[in-house]
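The values are calculated or read from the model by the stated rules, or taken from the named source; none is laboratory data. This is a predicted model, so every value here is computed, not measured. Cβ atoms come from the backbone with ideal geometry, glycine included; neighbour counts cover every protein chain shown. Ligands, DNA and RNA are excluded from the accessible area calculation, which covers all protein heavy atoms including side chains. Shrake-Rupley method; radii C 1.70, N 1.55, O 1.52, S 1.80 Å.
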Amino acid sequence: MKKRLLSLLLATSCICGLVACKDTEKQEKDETTQVSEKKEDEENDETTEESSEVKGQEYIVYSYVDSDKIYVVDDDGQKVENIFVNKYKSYLSKAGYDPENASVSCVNGDILLIDYDDYANDVYEVLALDSKTGEVTSIDINMDEVSLVSKCSYNGLIYIHDFDYDKNVYTERAYEKDADSLTFKEVEDEALELKDYDLLSNKDGRPVIVNRLVDDYGFALVSIYSDGKRTGIGKCTQDGKVEKVEGFKKNNFSAECYDKDYFVYGVFDEESYSTTGYEVYNLSTGETKKIDIPVEYSIIGLKDGILYYQQGPDHYASKNSDFKLYGYNLESDSSELISTVKSVPGVGELSTYTQLVGNTILLAKMEGPELRIYKVDNKNSLKDIDCPIKTYSAYKYGSVISDCNQVKCVYCDAILYKTYGEAFVLDSKYSPYAEQINAALKEKLDSAMAYTPEVNSDECEYHQDESYCETDDESVSDVRIINDQYLIIDMDSYWYGGGAHGMPGMCEYIFDLTTGEELTFADFYSGTEEEFKNLVATKVKEDYERQSAGGNSPYYFAESAEEIYDTAYEYTHLDSPNIIFQEDKVICYFYPYDLASYADGFQYFEFTYEEILGTNTLTR
C-alpha cells in the first residue's frame with residue numbers, strides 16, 4: 001500500500017465531548033492565555049487559505065473539555081494547525097446535531113470525522129464535517145453497533161473497524177471521499193474480515209488497523225480464538241491470512257505495544273482481574289523476558305526498541321510528588337530517566353496527558369497559571385510547541401495547597417483509609433480579608449485530613465485485602481469572582497470504598513470579599529423552602545416532558561412526569577441546595593442515583609438569576 005496521509009486520534013483516559021473547526025497556526029501563534037469569547041469569535045472567522053495537500057503525517061492531540069481548541073501536530077510533534085471548538089459546534093448545530101453529543105475522531109485533510117452518540121435518543125452516527133464549508137453529512141458505514149466502532153484516517157482513507165464479541169469477527173473497512181462532494185464510498189479492496197481473530201492493541205503512536213500495521217511491520221498481531229476462548233496470537237498479513245506464533249504460549253495477557261521485533265504485554269491475573277507484571281516476547285528469537293518495570297507504572301508506547309513508561313505521582317503518600325518519564329531499552333534491559341514534571345495542586349493528574357505521537361513523546365506541564373503541551377527533545381529537555389490547554393483560574397486569583405493522610409488499623413497496622421485534599425489560597429490583592437478567608441479554607445482541609453474511620457479488632461482479617469482500603473479525594477476545580485465581591489470556589493470529590501465504582505461529589509464555597517464572611521445559598525435566597533423545592537422540581541419535570549416528546553424514553557428512573565417531579569421535590573432542600581453560582585446563570589444539580597443511573601452522571605438544570613433570586617445578578 002502507498003504511504004500517503006496518516007492521521008489519527010490519540011485519545012487520553014477520558015474522551016471529551018469536544019467539537020471544533022480547523023484554523024491555521026498563524027492565528028494562534030501569539031496566544032498564551034485564554035481569550036474572551038468576542039475575541040475568539042473574531043479569530044475563528046479570520047480563516048487563511050491553505051493547501052488541502054497534507055505534507056507528511058498528521059495527528060490529532062486531544063485537549064480536555066475545558067479547552068477551546070484541539071491541536072494537530074506532525075510526526076515530529078510540531079503543531080501544524082488548531083481545531084476550534086466553538087466553530088465546529090456552530091456547524092453541527094446548523095446541521096441539526098447537538099454538539100454536546102459529538103467528539104472528533106480524526107482528521108483527513110479538510111475533513112473532520114466525528115463520533116455522534118446521542119445516548120438519550122439512542123442515535124449513533126459517524127459524521128463527516130468539511131472544515132472549509134461547514135457542510136456535515138452522515139456516513140453509512142453498514143455495520144452493526146455503530147456506537148462501538150473505532151475510526152481513524154490512513155493513506156487518505158477513513159477506516160472503520162470493530163470486533164464482534166458474539167461472533168468473534170474482526171471487521172475493517174475503508175471509505176473514500178468523492179472528489180467533488182461530501183459523499184463517501186466504500187473501497188472494497190481495502191475491506192477485511194477475520195473470523196476467530198481480533199486485532200491486538202498497539203501503543204506505537206499510529207493507527208491500529210491491519211492495513212497500516214502491515215505497511216510498517218509486514219504483519220499485524222491478532223488474538224486467535226477457538227470456541228470463544230483465546231488460544232494464542234498470530235501474524236496477520238494484508239490478504240487476511242494468519243500464521244500462528246507458535247512460541248508464544250500465554251493466553252491471559254493484556255497487549256500493550258509491539259513492533260516488528262518485540263511484543264510487550266501485561267501478565268493478567270483473572271482471579272484478581274489485574275495486571276501482575278510486564279513481559280516482552282521477541283518475535284524473531286521466541287525468547288520471553290520479564291521487564292523490570294513496577295506494575296503500578298503505566299506504559300506509554302514503543303518506538304525503535306525503547307519502551308516508554310511513566311511513574312505517576314502518589315498523592316496519598318506525598319503532597320508534593322512528581323511524575324517521571326522513563327525509556328526502557330528492550331535489548332539491554334536498562335532504564336533511563338527521560339523527564340521529570342512537577343505535580344501542581346489544582347490541575348489534576350498531569351501524567352494523563354502523556355502520549356506517544358508518531359516519533360515524539362508529548363506531555364503537559366504548568367507554566368504560571370497555564371497548562372501547556374510540550375514535546376520531549378532530549379533527556380530532561382522539553383520544548384514548548386505552542387499548544388496551551390487551559391488557564392487555571394485558581395492560579396489567576398491565587399494558588400492551591402494540598403495535603404494527604406493515611407490511616408492505619410491500630411490492631412493490625414493495615415492501611416484502612418487514604419485521603420488527598422486541596423485548599424485554595426487567595427492572593428491578598430483581591431481582598432483585605434484574604435488572610436481570614438484562607439484560614440477558613442485551610443481549616444476545612446485540616447478537618448478532612450483529621451478524619452479517622454471507626455475500626456474493630458474482629459475486622460482485621462478483612463483488612464489484609466487491599467480492596468478494603470477506602471480512598472477519598474477532594475480538589476479545587478474552579479475559582480471565580482462575581483461582581484468584584486463574591487469569591488466562588490468549586491470543589492470536586494471522589495470517594496471509593498470497594499465495588500465497581502466509587503461516588504463523585506461536588507460542593508461550592510462562597511465568601512464575601514468585602515467582609516471575609518463565608519456565605520451560603522440561604523444568604524441570597526429570600527423565598528421559602530416550599531417555593532424553592534417547587535421551582536427546581538418543575539424545571540426537572542419540564543426536562544422530562546421535553547425528552548418524552550416524539551415518543552422518546554427519558555433516561556430518568558421515573559416513569560412519568562409527575563413521578564420525576566415528586567422525586568426532584570424530595571431531593572431538593574434549602575439547607576443543601578446543590579447550587580453553582582456562575583457569572584450569568586445559576587445551576588442546580590442532582591447526584592448520580594438521585595434521578596437517573598450512575599452512568600448518566602450528575603443531572604444539571606440551568607436557571608436565570610431572575611428565576612432564583614429575582615435579580616439580574618448575584619447580590620443580596
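For the reader, a short list of remarks on this structure follows.
- Comparison of THR419, THR360 shows that the only residue that is among the hydroxyl-bearing types (Ser, Thr, Tyr) and in contact with a helix residue (DSSP H, G or I) (Cβ under 7 Å, 6 or more places away or on another chain) is THR419.
- Flag for GLY527 being closer than 19 Å to ILE489 by Cα, open to solvent by less than 60 Å² (accessible area, probe 1.4 Å) and among the small types (Gly, Ala, Ser): no
- Per the listing ASP322, ASP292, ASP239, ASP333, the residue uniquely open to solvent by 20 Å² or more (accessible area, probe 1.4 Å) and under 25 Å from the mean Cα position of the chain (by Cα) is ASP322.
- Residues of region 91-125 that are surrounded by 17 or more Cβ atoms within 10 Å (Cβ to Cβ) and over 20 Å from the mean Cα position of the chain (by Cα): TYR91, LEU92, TYR97, ASN108, GLY109, ILE111, GLU125.
- Filtering region 358-406 to residues that are hydroxyl-bearing (Ser, Thr, Tyr) and not in a helix (DSSP H, G or I) leaves THR360, TYR374, SER381, THR391, TYR392, SER393, SER399, SER402.
- Long-range neighbours under 9 Å by Cβ, at least six apart or interchain, first residue closer than 16 Å to ASP523 by Cβ within region 566-583, second among the β-branched types (Val, Ile, Thr) and open to solvent by 40 Å² or more (accessible area, probe 1.4 Å): LEU574/THR528; ASP575/THR520; PRO577/THR520
- Being of a type in the set (Phe, Trp, Tyr) and either in a strand (DSSP E or B) or open to solvent by less than 30 Å² (accessible area, probe 1.4 Å) (or both) holds for only one residue in TYR598, TYR569, TYR593, TYR544, and it is TYR544.
- Evaluation of ALA179 against (1) within 24 Å of LYS260 (Cα to Cα); (2) free of Cβ contacts under 8 Å to residues at least 24 places away in the same chain; (3) of a type in the set (A, V, I, L, M) (one fails), failing number: (1)
- Enumeration of residues in region 242-254 that are basic (Lys, Arg) and either surrounded by 13 or more Cβ atoms within 10 Å (Cβ to Cβ) or under 34 Å from the mean Cα position of the chain (by Cα) (or both): LYS244, LYS250
- Condition broken by LEU362, with the remaining ones in (1) touching a Gly at 6+ places or on another chain (Cβ under 9 Å); (2) assigned by the TED database to the domain that holds SER475 satisfied: (2)
- Restricting attention to region 479-517 and to residues that are among the charged types (D, E, K, R) and over 17 Å from GLU349 (Cβ atoms), the residue that is surrounded by the most Cβ atoms within 10 Å (Cβ to Cβ) turns out to be ASP490.
- Answer residue from region 177-193, given it is in a loop (DSSP other than H, G, I, E, B) and not aliphatic (A, V, I, L, M) and is least open to solvent (accessible area, probe 1.4 Å) among those: SER181
Matching residues to (1) closer than 24 Å to LYS195 by Cα; (2) of a type outside the set (D, E, K, R); (3) in the same structural domain as ASN86 (by the TED database):
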position	(1), (2), (3)
ALA102	no, yes, yes
CYS152	yes, yes, yes
PHE163	yes, yes, yes
ASP166	yes, no, yes
THR171	yes, yes, yes
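- Count of region 359-374 residues which are closer than 13 Å to TYR308 by Cβ and buried (at least 21 other Cβ atoms within 10 Å of the Cβ): 4
- Among the residues of region 400-419, the ones that are touching a residue at least 40 places away in the same chain (Cβ under 8 Å) and open to solvent by 20 Å² or more (accessible area, probe 1.4 Å) come to 10 in all.
- There is at least one residue in region 423-430 that is open to solvent by less than 20 Å² (accessible area, probe 1.4 Å), more than 28 Å from the chain's Cα centre (by Cα) and under 30 Å from ILE488 (Cα atoms).
- First in region 350-362 and more than 14 Å from ILE338 (Cβ to Cβ), second anywhere and open to solvent by less than 10 Å² (accessible area, probe 1.4 Å) and among the basic types (Lys, Arg), Cβ under 6 Å, 6 or more apart: none
- Residues that are in contact with a Cys (Cβ under 8 Å, 6 or more places away or on another chain) and outside the structural domain of ALA500 (by the TED database) are absent from region 248-261.
- THR608 of a type in the set (S, T, N, Q), under 28 Å from SER477 (Cβ atoms) and either touching a Phe, Trp or Tyr at 6+ places or on another chain (Cβ under 6 Å) or assigned by the TED database to the domain that holds SER431 (or both): no
- Exactly one residue out of THR237, THR285, THR231 is under 26 Å from ARG212 (Cα atoms), among the polar types (S, T, N, Q) and modelled with pLDDT of 95 or more: that is THR285.
- Inside region 300-319, residues that are in a strand (DSSP E or B) and open to solvent by less than 30 Å² (accessible area, probe 1.4 Å) make up a count of 7.
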